[in-house]
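Reading through the structure tokens given below for one structure.
The values are calculated or read from the model by the stated rules, or taken from the named source; none is laboratory data. Note that this is a predicted model, so its numbers are computed, not measured. All Cβ positions, glycine included, derive from the backbone under ideal geometry; neighbour counts span all protein chains shown. To get the accessible areas, we keep the full protein, side chains included, count just its heavy atoms, and leave off ligands, DNA and RNA. Shrake-Rupley method; radii C 1.70, N 1.55, O 1.52, S 1.80 Å.
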Amino acid sequence: MSFVLGVDIGATYTRVVLADNDGTFLARAKTRTPREDDSLAVAHNIIRAARQLLREQGVSDSELKGIGVGSIGPLDMRRGILIRPANLPVENVEVVAPLSREFGVPTYLVNDCVAAAIGEKHFGAGRDVENLVYITISTGIGSGVYVNGHLLLGKDGNAHEVGHIVVDAEGKLVCGCGKRGHWEAYSSGTGIPQLACMLISERGEEAFRESVLYERTGGDPKRLDAKMIYDAAKEGDALALEIVREAGRYNAIGVANVINVYDPELITMGGSVTLNNVELVLGPIKEMVGDYVINRPAEIRVTPLGEDVGLYGAVALALGLEEIPESLRPKIYP
């Protein structure tokens, strides 16, 4: 029996799982992602968590087959590092070298959304699908893509930054990256409150006062967050429903762009905004995507793997189920 480690590095939390040869999760750990100005802090955090799991399960290093990592980016896959990640206060974050040297096994690093697409392909709804896109709507928006069975990665592993597709040529809202009109600025967990503030400004104070959102924010729309808006929409609040529908229109435009560019047969969706509000997110997309798409429509559904879809992709990488091109593999192990 051999075992693998799967890792998901997020801006807030890092998760590690120990899995067997069939991809079954045996144990897991969740820690806060370190925010020190230290290029090795993230890797050392992963090593501590992994060591704990190995001890608990009585697994030796000699029984470990590989490590797969899905991470926030941007990445340099050849060097096995994160480059100036937006939410971590460090220039470069070393991942592959310290992990592969610590455990003596091949270690693979991909973008977190690419990892999710890999997980969907090998363990989820995409097992028999050649043309597949996974889209996450969470703090940000991203995707991973298969075309004719081939995983698309790009020159450095940073392909499919669909959250930065322009969905508003007027550029009314500014994305976290500093550019205008990006999908992420309107429909992500951080973008929806911006969209709400814009709509409240356009609709006027009276519409805001009539909403439960007025009381819950103390009359300050800058205190809105995505959860508050979706919760109010579930209660039938008219303003919240309008905000959610407008976010849904931008989602439909973004998804239509994905269909027009990649021509998938299946799109699965995840991320905290989607998973916590499935009908309110997928409903408007399915209703409005036909207004913008030219290719034959794709099936659109929520991922059956939930928040673990990226961890399943990391495990698939560690098991060798998905082969990374030689040109993008770090020349580190052993």
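Tell me the per residue accessible area of segment 215-334 using a 1.4 Å probe; a whole number in Å² is fine.
Here the residues of segment 215-334 average 47 Å² of exposed surface.
I'd like to check one number: the per residue accessible area of segment 1-44, probe 1.4 Å, reported in Å² as a whole number.
Each residue of segment 1-44 exposes 46 Å² on average to a 1.4 Å probe.
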DSSP H helices in the chain with Cα extent of 20 Å or more along the helix axis and mean Kyte-Doolittle hydropathy at least 0.0?
-> 238-262
Burial order of peptide ranges 83-90, 95-102 (average beta-carbon count within 10 Å, highest first) = 95-102, 83-90
Subtracting the Cα-Cα distance of Asn92 and Asn260 from 0.36 nm times their residue separation yields 57.0 nm
What is the log10 of I(q)/I(0) for segment 100-193, computed with the Debye formula using one identical point scatterer on each Cα and no solvent, at q = 0.10, 0.20, 0.21, 0.25 Å⁻¹?
-> -0.34, -0.95, -1.00, -1.15
What's the carbon and sulfur percent of segment 177-274's accessible surface, probe 1.4 angstrom, rounded to a whole number?
-> 46 percent
At most 12 other Cβ within 10 Å, DSSP loop - trypsin sites (Lys or Arg not before Pro), segment 241-334 = Lys331
Let a ≥ b ≥ c be the square roots of the eigenvalues of the Cα gyration tensor of segment 1-127; is it rounded (a/c under 1.5), or, if not, prolate (a/b larger than b/c) or oblate?
-> oblate
Using only Cα positions of segment 108-159, each an equal point scatterer, no hydration layer, compute I(q)/I(0) via Debye at q = 0.15, 0.18, 0.26, 0.31 Å⁻¹ and quote the log10 values to two decimals.
-> -0.36, -0.52, -1.01, -1.27
Regression test value, accessible area per residue of segment 143-209, probe 1.4 Å, units Å², expected 45 Å²
Antiparallel bridge percentage (DSSP; both residues within the chain; nearest 5) = 60 percent
For q = 0.14, 0.15, 0.19, 0.22 Å⁻¹, Debye-computed log10 I/I(0) when each Cα of segment 203-334 counts as one equal scatterer = -0.79, -0.86, -1.08, -1.22
Considering the chain as a Gaussian network with a 10 Å cut-off on Cα pairs, which listed residue, Glu299, Glu130, Glu184, attains the greatest mean-square fluctuation?
-> Glu299
Taking a label point 7 Å from the Cα of Arg101 along the Cα→Cβ vector, which residues of segment 29-50 have an amide N closer than 17 Å to it?
-> 38-48
Stokes-Einstein at 25 °C, 0.890 mPa s, Kirkwood radius from Cα pairs: D for the chain in µm² s⁻¹?
-> 120 µm²/s
Karplus (6.51, -1.76, 1.60) ³J(HN,Hα), θ = phi - 60°, over segment 64-75, in Hz, Gly and Pro reported as x | 7, 9, x, 10, x, 10, x, 9, 4, x, x, 10
Non-local amide H neighbours of Arg180 (under 5 Å, H modeled in plane, Pro and chain starts lacking H): which ones?
-> Cys175
With every protein chain in place, segment 1-150: carbon and sulfur % of accessible area (1.4 Å) = 44 percent
Candidates per GluC sites (Glu not before Pro) in segment 4-98, loop by DSSP, up to 15 other Cβ within 10 Å = Glu36, Glu91
If you plug each phi of segment 125-140 into the Karplus form 6.51 cos²θ - 1.76 cosθ + 1.60 with θ = phi - 60°, what whole-Hz ³J(HN,Hα) values come out, in order, with x for Gly and Pro?
-> 6, x, 4, 10, 10, 8, 10, 9, 10, 9, 10, 9, 10, 9, 3, x
What value, in deg cm²/dmol to 500, does the helix sum -39500 (n - 2.57) over DSSP H runs of n ≥ 4 give at 222 nm once divided by the residues of the chain?
-> -11000 deg cm²/dmol
Once amide H atoms are built 1.01 Å from N in the peptide plane, which residues 5 or more positions from Ala27, or in another chain, come under 5 Å H to H?
-> Leu18
Of Lys179/Lys234; Lys121/Lys172; Lys227/Lys286, those spanning more than 30 Å from alpha-carbon to alpha-carbon | Lys179/Lys234; Lys121/Lys172
Does anything in segment 128-168 have its amide N under 12 Å from the 7 Å Cα→Cβ label point of Ser327, and if so which residues?
-> 153-157
With N residues in segment 1-72, Rg(alpha-carbon) / (2.2 N^0.38 Å) equals 1.08
What is the magnitude of the charge dipole of the chain about its Cα centre, with +1 placed on the Cβ of each Lys and Arg, -1 on the Cβ of each Asp and Glu, and no other charges, expressed in debye to the nearest 20?
-> 660 debye
